Amino acid sequence: MKRIVVLLAIVSTLGLTAWTLINNKKEVEAKVYKPNPDQKVGVRTAVAELRNLSQESEFLGSFAANREIEIRPQAGGQIVQLPIVEGQLVGAGKLIAKLDDEQLRYQIEGLQVTLEGYQNDLKRYENLVKGDATPAVNLERTQLNIRATQAQIKQLQKQLDNTTITAPFSGIVTEKMVEKGSVVSIGSPIAKVTDISSVKLVVDVPEKAINHFRVGQSLAISTEVYPDAQFTGRVTLIGAQGDAAHNYPVEITVNNSGKNLLRAGMYGTIANTSQVKGQTLTVPRQAIIGSEKQPQVYVIEDGKSILKSVKIGATTNDYYEITDGLKAGDRVVTSGQINLQNGTAVVAQ
């Protein structure tokens with residue numbers, strides 16, 4: 001009797017468990033999403049078409065002055081004139097500073113008096129030598145004294161000229177290191193003059209793009225400081241030596257005369273467009289799914305998405321070249337692929 005009761009209890013338990021599992025399965029299946037085969041999925045599309053593949057690359061650099069120099073005197077002394085201020089525009093030959101030249105003028109004046117005496121002696125000796133009244137050696141010695149004195153005067157005159165310090169080229173005084181009354185020595189810096197009548201934009205170009213540039217090439221330049229202004233520059237230098245990262249310096253010279261809008265240290269950007277390939281079949285990059293080794297696209301055929309494998313060639317930032325798997329005019333999905341399966345009904349938005 002006990003065995004029958006135990007057996008009935010086991011059977012009842014197994015039956016209850018089975019019923020519970022079946023019931024739970026039905027509830028889970030009811031909650032699982034089942035797509036409606038008649039409902040169309042909205043997607044965005046583009047047409048595979050022939051185009052010239054071109055790549056636009058942007059490079060950021062900073063402007064450098066055309067020329068910059070520290071003015072250093074070739075003479076020493078006290079500054080008696082300093083008619084410049086920082087920020088002043090000076091022309092070529094403009095006076096930067098004047099050193100005290102009083103002692104040099106006195107020395108030149110004394111030598112000129114000595115020279116005049118030697119010249120008078122020369123006239124007397126010439127007459128005396130003609131009459132055999134004095135040895136010819138006296139005449140020769142006087143001639144040598146005249147030449148030596150003239151050389152001393154020229155040397156002092158050069159020193160006198162060096163006390164007048166001028167700008168070697170037109171530019172802006174960007175730094176003044178001394179004041180009037182300062183005593184300077186030979187070679188000590190007085191001021192810095194910067195020429196920005198033209199500026200040089202220097203950008204670092206990677207190895208793979210350096211062949212897209214050539215000397216004399218005209219390029220458009222944009223800046224953050226003047227977003228509405230467009231500047232044009234010309235490539236004047238392409239570096240022959242790259243750095244450790246295989247970047248090469250490219251120098252673009254920009255005419256900055258007039259308002260001098262561009263200044264050394266500002267940032268500038270160039271956009272260089274290079275043709276990657278001629279007329280070829282392309283699709284937008286967004287159309288490609290999968291991997292580069294196994295690329296695929298969804299093609300719209302008769303209102304349904306058809307998954308096709310393709311082969312890709314050249315690429316740019318915006319497009320892939322399709323070498324196999326599509327033809328011109330095929331409409332491909334560029335957005336919404338995550339909701340698609342092979343054969344899903346779609347509607348282009």
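The values are calculated or read from the model by the stated rules, or taken from the named source; none is laboratory data. Worth saying up front: this structure is predicted, and the values here are computed from it rather than measured. Here the Cβ is made from the backbone with ideal geometry for all residues, glycine too, and neighbour counts use every protein chain on show. In case anyone asks, the SASA skips ligands and DNA or RNA and just uses the protein heavy atoms, side chains included. Shrake-Rupley method; radii C 1.70, N 1.55, O 1.52, S 1.80 Å.
Would you look at the GNM of the chain, springs on alpha carbons closer than 10 Å, and say which of Thr232, Thr114, Thr282 moves the most?
Answer for the Gaussian network model of the chain: Thr114.
Ignoring any ligand, DNA or RNA, what whole percent of the accessible area of the chain comes from carbon and sulfur when the probe is 1.4 angstrom?
Its accessible area is 50 percent carbon and sulfur atoms.
Which of the helices in the chain, when you take each full DSSP H run, stretch at least 27 Å along the axis at their Cα atoms and have an average Kyte-Doolittle score of 1.6 or higher?
On the way: long enough: 2-31 (44 Å, 0.55); 102-130 (43 Å, -0.99); 136-162 (40 Å, -0.85).
Membrane-span-like by this rule: not one helix.
With +1 assigned to the C-beta of every Lys and Arg and -1 to the C-beta of every Asp and Glu, and no other charges, what is the dipole magnitude of the chain about the Cα centre in debye, to the nearest 20?
1580
What is the gain in length, in nm to one decimal, between Glu102 and Asp204 on full extension, counting 0.36 nm per residue of separation less the C-alpha to C-alpha distance?
31.4 nm
What whole number of Å gives the distance from the Cα centroid of region 144-198 to the Cα centroid of region 282-349?
Comparing the Cα centres of region 282-349 and region 144-198, I get a distance of 73 Å.
Considering Cα pairs under 8 angstrom that are at least six residues apart, work out the relative contact order of the chain and quote it in whole percent.
27
Which option, [x] 18.8, 53; [y] 44.4, 178; [z] 22.0, 67, is the value of Rg and Dmax of the Cα atoms in Å that was calculated from these coordinates?
Label [y] holds the value from this structure.
Given the options Thr17, Thr194, Thr315, state which has the largest fluctuation in a GNM of the chain using a 10 Å cut-off (strictly under) for Cα springs.
Thr17
Too long at a 18 Å Cα-Cα cut-off: which of Lys176/Lys259; Lys98/Lys158; Lys154/Lys192; Lys40/Lys304; Lys176/Lys200; Lys94/Lys200?
Cα-Cα > 18 Å for Lys176/Lys259; Lys154/Lys192; Lys176/Lys200; Lys94/Lys200; rest within.
Per residue, how much accessible surface does the chain expose to a 1.4 Å probe? Answer in Å², no decimals. Don't skip to the answer; put the middle values down first.
Details: 22050 Å² over 349 residues.
With all protein chains present, the chain gives 63 Å² per residue.
Per-residue counts of other Cβ atoms within 10 Å, averaged by peptide: what ranking do you get for 300-308, 97-105, highest first?
Working: 300-308: 15.1, 97-105: 16.9.
Result, highest mean first: 97-105, 300-308.
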